[in-house]
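The values are calculated or read from the model by the stated rules, or taken from the named source; none is laboratory data. For clarity, every value in this text was computed on a predicted model and none was experimentally measured. Virtual Cβ from ideal backbone geometry, glycine too; neighbours counted across all protein chains shown. These area figures cover heavy atoms from the full protein model, side chains too; ligands, DNA and RNA do not enter into them. Shrake-Rupley method; radii C 1.70, N 1.55, O 1.52, S 1.80 Å.
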Amino acid sequence: MYRIPFAARRLNGLSLLRAQSSFSRSKSSMAAVDGSSTEQQPSSLTSRPIASAANSPNPVPDFNDFKAAYESKSTGELLRALFCFRVSRVRFLVNNAENLLRISRSVFGGTLTDFVLRNTLFGHFCAGEDEVMIRPVLKSLDSVGIGSILDYAAENDGEPESARVQEFDPAPDSIRRVREYDYESERQCDKHVETFVKCINDVQSLGFEKDGYAAIKVTALGNPKLLARMSQAIMEAHRLFEQFDIDKDGTVSREDFETAYNLLFFSDGETAMKDIFDQFDPNHTGNVDYISWGMTLSPRDLPKIIANCREVGPLALATPTEEEVELIEAMYERSRVLAREAEKCGTRLLIDAEQVRFQPAIDNLVLDLQQRYNSKDRSDYPIIYNTYQCYLKDAKERLNNDVQRAERFDFHFGAKLVRGAYMESERALAETMGYMSPIQDTVEDTHESYNACIDFLLEHSTKSDQKVELMVASHNQRSIELAIEAMNKYGIDRESSTICFAQLFGMTDNLSFNLGKHGYRAYKYVPYGKVHEVMPYLLRRARENSSIVGGAARELCMIKSELRRRRSGLQPKMASA
């Protein structure tokens, strides 16, 4: 039987996990790489100097070098970029994009509408529609030292339109609970697996010199409502540990366990209680901490546990039904199919972060995959990466807990750090439900959290016996500069697989191309797919650029400088705002 590790999540207010899944992602999110609303830091085109820039083992590139950023692009591509950034700053067009597209398809037809999109937004933010079309783009990136992270960009907000089926099942004390799932979505999830497998294989078949990455979303592998239910159960299992931790020292002794068990459950005798404790403490240390507790307890165990509850409480109500356990198993098996394919192809698999109400379930699925496929006995490097949204107040604690799990259970650790993708929707949901927002209070707090997590992982990589790999997925120049400074502090070479940098395709080329030029492991997050399938992605890109006024203005300025340079035939000078 598989074991689902319970991640240590200290979020305020369990009610967020009971919220309706109709709260969709923030309109100004940056799901793939970085949170737009938290991304901005006041800066001019000349960044603050870093002491180790010139003669250090890892020099800081000149990110104002617009010639290096754009010399591989044609003038037509630059003019298209100029158009896209300008259009995305027009609020009326961005806010009414869905309606305008609907009208366009109705009046001009889908063929003409898709043709216009293919030569504007789609052409700028997406690499193409299939493997054949994206090959030249990937080859061009590889020629200037930039790798690719493939992402089949068809998006679903988790609200399927097909009919839903309701089933009722008995609960303790004759309480009846409604389980509402869309069984058509199970077939859709199976189709998503086929799509992701193709994406993983595309990474291998299109591979050039750099290590290959593919990105997937867990909400495409299981019903979002199931993920929310599973997250709720995880939170309640965490609260159960806190009840057993009587002296609040972070561990549960055998005596603490027996005392709490007798208070909360009907006992089957001392022998049965001893057997339960020994499952959590297989090495017979006499103590259980949360890491061991979480890595041992599985959703299948919860029905057995609540059968002996003295009273019905949140844990009993959150416990999965037999039907839900079967759906969870199916979701886990889908994820393992992808992990096995990634392992076979030598492709690193990035699991995207999503909304807070889904994240505990996603974390547990990722930990299950990491323990299996990142094992030192199975691989020389991490196959599975989890994503950490550093705008969350608990990001550093969660990262630390997961690093400890990797150390204790002897598997390589892979992490992608982003600022966050759902700030506005998370805050709106928190306000509606009446709990404290899980998001950092200020943008400065988010910057501090992000930079501290980079430093923590780089330092840890120099001390661990396991392989630690970090992807700095950010459009924030200062964070990249600080990461390079930390690399020099801890003696990490720019060519080491310990760290790489990633930005979205079509954005902040001054960062990606200058990193690649100076030998850093730089990547572009490269989305692809049919035009009509990736429209949600394209509209999100437009919204992000509309909200990142400062970043878009800087990019516009640099593109204009490069166009002026080409017209004049002069060598580039520093771009100025």
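Across the stretch 384-391, in residue order, what do the Karplus-derived ³J(HN,Hα) couplings come to in whole Hz, using 6.51 cos²θ - 1.76 cosθ + 1.60 with θ = phi - 60° and x for Gly and Pro?
9, 10, 9, 10, 10, 8, 7, 7
Determine, for each peptide in 252-264, 392-404, the mean count of other beta carbons within 10 angstrom over its residues, then list the peptides with the highest first.
Ranked from most to least packed, the peptides come out as 392-404, 252-264.
Evaluate E = 1/(1 + (r/R0)^6) for residue 497 and residue 337, where r is the Cβ-Cβ distance and R0 equals 30 Å; express this FRET efficiency to the nearest 0.05.
0.75
Leaving out ligands and nucleic acids, and using a 1.4 Å probe, what accessible area per residue does the stretch 64-112 come to in Å²?
I get 59 Å² per residue for the stretch 64-112.
How do 190, 202 rank by accessible surface area computed with a 1.4 Å probe, from largest to smallest?
Solvent-accessible surface, decreasing: 190, 202.
Sort 379-391, 110-122 for me by packing, meaning the mean count of neighbouring Cβ atoms within 10 Å per residue, highest on top.
379-391, 110-122
Within the stretch 437-550, what whole-number % of the accessible surface is contributed by carbon and sulfur, with the 1.4 Å probe and all protein chains included in the calculation?
48 percent
Can you give the accessible area of residue 518 in Å² (nearest 10), computed on protein heavy atoms with a 1.4 Å probe?
60 Å²
Given a 1.4 Å probe and every protein chain left where it sits, what share in percent of the accessible area of the stretch 235-314 is carbon and sulfur?
50 percent
Given points 7 Å out from each Cα along the Cα-Cβ axis, report the residue 379 to residue 274 separation in nanometres with one decimal.
The two pseudo-label positions are separated by 4.1 nm.
I'd like the Karplus ³J(HN,Hα) series for the stretch 125-133: coefficients 6.51, -1.76, 1.60, θ = phi - 60°, whole numbers in Hz, and an x wherever there's a Gly or Pro.
9, 10, 7, x, 9, 7, 4, 5, 5
At a 10 angstrom cut-off on C-beta neighbours, averaged per residue, how do the peptides 418-426, 344-352 rank from highest to lowest?
418-426, 344-352
Per residue, how much accessible area does the stretch 252-297 show when a 1.4 Å probe rolls over the protein heavy atoms, in square angstrom?
Solvent-accessible surface per residue comes out at 52 Å².
Amide H to amide H under 5 Å from residue 522: which residues, 5+ apart in sequence or cross-chain, H placed 1.01 Å off N in plane?
Answer set, sorted by chain and number: 147, 501.
Provide the convex hull volume over Cα atoms per residue for the stretch 237-328, in Å³. It would help to have the intermediate numbers written out before the result.
On the way: hull volume 9.0 nm³, N = 92.
Measuring per residue, one finds 97 Å³ for the Cα hull of the stretch 237-328.
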